[in-house]
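So the structure is just underneath, and the comments pick up after that.
Each reported figure results from applying straightforward, stated rules to the coordinates on display, with no laboratory input. Bear in mind the structure is a predicted one, so any value in this text is a computation, not a measurement. Positions of Cβ are backbone-derived with ideal geometry, glycine not excepted, and every protein chain shown enters the neighbour counts.
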Amino acid sequence: MNSEYLKLIECWVGRSYNPDWVENSFVKDILYETEEDLQNFSKMLKSAGVIVKRPKYSTYDVKQKPQLLHARDHLQVINGKLYVGPRYENNIKDWLKLNYGRLPVVTLDNLSAPSIIRADKVIFDAVAIKKKRYDWFVSGNSDVPTVYERLSCRAEDIERHSDGVLCVVKEGVIIATHEARNLEHIFPNWDILYLEKNTNELGKMNKSRDIVWHPSQIPSEYKDWVGYAPETFFDVNCLQLDSEHLMVTRYNKKVFDFLARHNVEPIIVPFRHRYLWDGGLHCMTFDYKRG
């Protein structure tokens with residue numbers, strides 16, 4: 001089982017657009033700062049002994065959201081196979097170049113990979129993954145323990161990703177939002193920290209240069225870049241280095257105290273435009289190999 005809290009060995013880090021591909025100076029600044037933060041993130045991973053790989057665009061359309069930024073949207077490794085959900089047909093080959101033929105590739109339209117949680121079993125979120133897709137996976141992986149269950153109270157929608165609802169920090173430990181459901185049933189006797197939505201922070205988004213995110217703040221031709229940040233909870237959108245270290249985007253006393261009780265060290269990774277891109281550290285990465 002390639003659980004998400006095992007030691008991270010190889011990580012793929014997403015890439016936004018080259019600033020030279022746009023003319024607007026404000027948008028150029030966003031792209032420069034995004035790449036700076038992703039490079040810093042990559043250096044932090046490398047300093048922890050992680051092999052880091054990043055894709056390059058073979059083709060692009062700047063009116064679309066950067067298709068190589070959210071690595072987690074398209075990719076999952078389960079049972080020694082690389083599952084690929086090609087939401088963006090033009091760039092899926094750019095991800096596969098990083099595989100170098102090392103793992104067998106299984107293509108599955110609209111995989112909704114962020115809604116597949118790997119822990120002591122593989123949990124498929126019924127909010128985002130259709131039952132027939134789950135049944136198809138099970139038919140080819142009968143030796144893998146799986147669960148098919150709703151992980152949140154949200155309406156069914158393939159774009160509503162579970163990594164905005166919970167993070168399995170380590171065996172027996174979970175951080176979750178107020179929207180999470182059925183966790184005690186799926187993970188009996190685990191310690192689960194539930195967080196409330198920070199409405200004060202949501203109200204500040206429009207006013208802060210550091211968390212630019214609203215469509216009205218960028219030129220209209222780039223409006224498709226912007227996600228729905230209030231739907232995402234960045235205190236749970238984390239990346240596990242191993243069962244003793246968790247990479248996060250900011251300080252949260254409640255989270256940090258909870259992690260300390262479980263002997264987990266939080267590592268803050270600056271990511272200035274997470275609200276613009278509607279993605280945290282888990283969204284921007286793909287844990288290709290753990291062990």
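Take the chain, connect every pair of alpha-carbon atoms lying under 10 Å apart with a spring to form a Gaussian network, then pick out the residue of L96, L276, L239 with the largest mean-square fluctuation.
Judging by the Gaussian network model, the answer is L96.
Listing K81, K253, K56 from the residue with the fewest other Cβ atoms within 10 Å to the one with the most, what is the order?
Ordered from fewest to most neighbouring Cβ atoms within 10 Å, K81, K253, K56 come out as K253, K56, K81.
Which percentage, to the nearest 5, of the DSSP beta bridges contained in region 8-290 is antiparallel?
Beta bridges within region 8-290, antiparallel portion: roughly 50 percent.
Structure shown: which of K56/K289; K132/K254; K81/K170; K43/K81; K28/K81 lie over 32 Å apart, alpha-carbon to alpha-carbon?
K132/K254; K28/K81
Roughly how far apart, in whole Å, are the Cα centres of region 45-110 and region 9-35?
Value for the Cα centre distance between the two parts: 17 Å.
Scaled to the compact-protein estimate 2.2 N^0.38 Å, what is the alpha-carbon radius of gyration of region 52-167, rounded to two decimal places?
1.08
Using Cβ counts within 10 Å as a stand-in for footprinting exposure, how do L75, L195, L166 rank, fewest first?
Neighbour counts put them in this order, fewest first: L195, L75, L166.
Taking H as built 1.01 Å from N, whose amide H comes closer than 5 Å to the amide H of V169, not counting residues under 5 places away?
When sequence neighbours closer than 5 places are left aside, the close amide H contacts are I174, I175.
Hey, with R₀ at 41 Å, roughly what FRET efficiency would E171 and Q64 work out to, going by the Cβ-Cβ distance, to 0.05?
Using R0 = 41 Å, I get an efficiency of 0.55.
Full-extension gain between K130 and I51, please, as 0.36 nm times their residue separation minus the C-alpha to C-alpha distance.
Length gained, K130 through I51: 25.1 nm.
With contacts defined as alpha carbon pairs under 8 Å and 6 or more residues apart, what's the relative contact order of the chain in percent?
Here the relative contact order equals 25 percent.
Please arrange M247, M44, M284 by how many other C-beta atoms lie within 10 Å of their C-beta, fewest to most.
With the fewest neighbours first, M247, M44, M284 line up as M44, M247, M284.
May I have the extent of the alpha carbons of region 8-290 along their three principal axes, as whole Å values ordered from largest to smallest?
Projected onto the principal axes, the Cα atoms of region 8-290 cover 52, 43, 39 Å.
When you count, for each residue, the other Cβ atoms within 10 Å and take the mean per peptide, how do 267-274, 135-142 rank with the highest first?
Final packing ranking: 267-274, 135-142.
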